[in-house]
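Have a look at the structure below before the remarks.
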Amino acid sequence: MGTLRLAKMMCTVFALCAASAISSPAQTLTVLANFGVNTGAYPEGPLAQGVDGSLYGATTFGGSTSLSIGSIFEVTPSGQLTTLYNFCSKKHCNDGSEPNSGLLLAADGNFYGLAFSSGLHGNGTMFRLTPAGKLTTIYNFCSQTNCADGGYPERSLAQGTNGFYGVTGGWGAYGFGTVFMINQTGTLTTLHSFCPSRDGTNCPDGRNPLTGLIQASNGNFYGTTNEGGVNGSLGGTIFAITPAGQLTTLYSFCSKANCADGATPNGLIQAANGNFYGTTYAGGTTGCNANGCGTIFEMTPAGKLTTLYTFCRQSGCLDGWGPSTISQGTDGNFYGTSVGGTFGQGTIFKITPSGEFTSLYSFCTSETNCPEGRLPETGVSQATDGSFYGTTVADGAYGYGTVFSLSMGLGPFVKTAPTAARVAAKVIILGYNLTGTTSVNFNGTAATFTVVSDTEITATVPTGATTGTVQVVTPAGTLNSNVGFRVTK
């Protein structure tokens, strides 16, 4: 979000102190790594688990090149931080810069991501990165006349059966962003260009998508726009788009008086119950600032939206405001981060599907020094050890942010890459302590598999498999996938 980027750039760097583990009866927060300007600064986007069990992510600034505008890093479970790639390593920054999205682990074992700016035409790139750090530019945005293919790609990619799907925040046929698909060979197809009215004020389909896409269980992709909407609403939208490019606006924010339903939505997730959940950065029924404090919402596939929580409900905004994208844990609850909190430097929260909200942690517990970091902009994601992992964009031991883990006492599980594929397709299964696995099944149908390492299994989607849970039987017990695997045609 542009507001969060501005807040990050204005933040003050405080004094330094050692990383530590901070405990409470309910949870434990541990600082795994600290960023310095030469190792990357201001990490953005959710962390991705790799086939080796490490966590991978991107920083918007910093790195060892002279311009210091972004890097990709790896953090091991023990906290060893390694910079894998520094952007602007090529002449004229043709490799891109400011990678503000999370990385996607694809079925080939490589990571795919987006650089917000630079590249051959100065409007961003899509890239592939091997776990060893070799980067290949797949596409340079604004390659078409008048940038009809879009520019300034935003946030994370989603892998479909025929390519990678994402959004650009700008350009396109009308100047307000696009939805695109790029295949493995680098051919781009524009599926939708936002705001065909061209004036920026009458955009029933929304404008300027900034948060990426997810693929739902029905095979369609879902996303949000930062602004626009039906009936002159400027609060942003939720949309669905088919792989062929048919877009439907499901909900327009600021449809209620004073934007009580929220404004400026972040990214979506589809929960185990089939409904979509998300947050808005602004709006709601409380007034911590002129634009509201943000909300958490639930939306049915048909587009019926229910506001579950409005931030700054507690005195002094101890519950936070301006939330980031949320994720669903294996306990069925949702976890996220926000600005504000007890010390004003950010929070981690939990909310049940029914709307019961709990503040779990407030950053900068020492008030003057923040060894655990502050301003956790991009939420938390759950790794297969059961813990949640995230980043802060400021402070820590060297002043430029941290990687942290939060244990809620949840058990291990497995996850697949991708989460949908055809029969006979190869799928990666991620986990820990997988050595000695005796069976893998897709919703009860046995699959052939190979244990590659203690943290990776490759499996073939078996004939007769149906959509459902993937189960892996190890010497220590049975591990289930955190989301259902969808068998496509």
Test result for residue 189, surrounded by fewer than 23 Cβ atoms within 10 Å (Cβ to Cβ), in contact with a Phe, Trp or Tyr (Cβ under 6 Å, 6 or more places away or on another chain) and modelled with pLDDT of 95 or more: no
Need the failing condition index for residue 313 against (1) open to solvent by less than 30 Å² (accessible area, probe 1.4 Å); (2) under 27 Å from residue 237 (Cβ atoms); (3) modelled with pLDDT under 95, just the number. (1)
All positions within region 40-82 that are free of Cβ contacts under 8 Å to residues at least 60 places away in the same chain, in a loop (DSSP other than H, G, I, E, B), under 18 Å from residue 113 (Cβ atoms) and β-branched (Val, Ile, Thr): 65
Suppose we filter region 192-210 for residues that are of a type outside the set (Lys, Arg), open to solvent by 10 Å² or more (accessible area, probe 1.4 Å) and within 26 Å of residue 164 (Cα to Cα); how many remain? 7
Please state which one of 330, 279 is in contact (Cβ under 8 Å) with a residue 12 or more places away in the chain, buried (at least 24 other Cβ atoms within 10 Å of the Cβ) and among the β-branched types (Val, Ile, Thr). 279
Only one of (1) among the aliphatic types (A, V, I, L, M); (2) open to solvent by 30 Å² or more (accessible area, probe 1.4 Å); (3) closer than 13 Å to residue 47 by Cα does not apply to residue 107, and that is (3)
Of the residues that make up region 422-431, is at least one surrounded by 20 or more Cβ atoms within 10 Å (Cβ to Cβ), touching a Leu at 6+ places or on another chain (Cβ under 8 Å) and not in a strand (DSSP E or B)? yes
Out of all the residues in region 395-419, which are part of a strand (DSSP E or B) and within 19 Å of residue 80 (Cα to Cα)? 395, 400, 402, 403, 404, 405, 406, 407
I'd like the full set of residues that are in a loop (DSSP other than H, G, I, E, B) and open to solvent by 10 Å² or more (accessible area, probe 1.4 Å), limited to region 371-394. 371, 375, 377, 378, 385, 387
Please go through region 161-186 and pick out each residue that is surrounded by fewer than 19 Cβ atoms within 10 Å (Cβ to Cβ), of a type in the set (Val, Ile, Thr) and either within 13 Å of residue 150 (Cα to Cα) or without any contact (Cβ under 8 Å) to a residue 24 or more places away in the chain (or both). 185
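The values are calculated or read from the model by the stated rules, or taken from the named source; none is laboratory data. From a predicted model like this one, the values you see are computed outputs, not experimental measurements. Glycine gets a Cβ as well: all are built from the backbone with ideal geometry, and neighbour counts include every protein chain shown. Quick note on the areas: whole protein, heavy atoms, side chains included, nothing else; ligands and nucleic acids left out. Shrake-Rupley method; radii C 1.70, N 1.55, O 1.52, S 1.80 Å.
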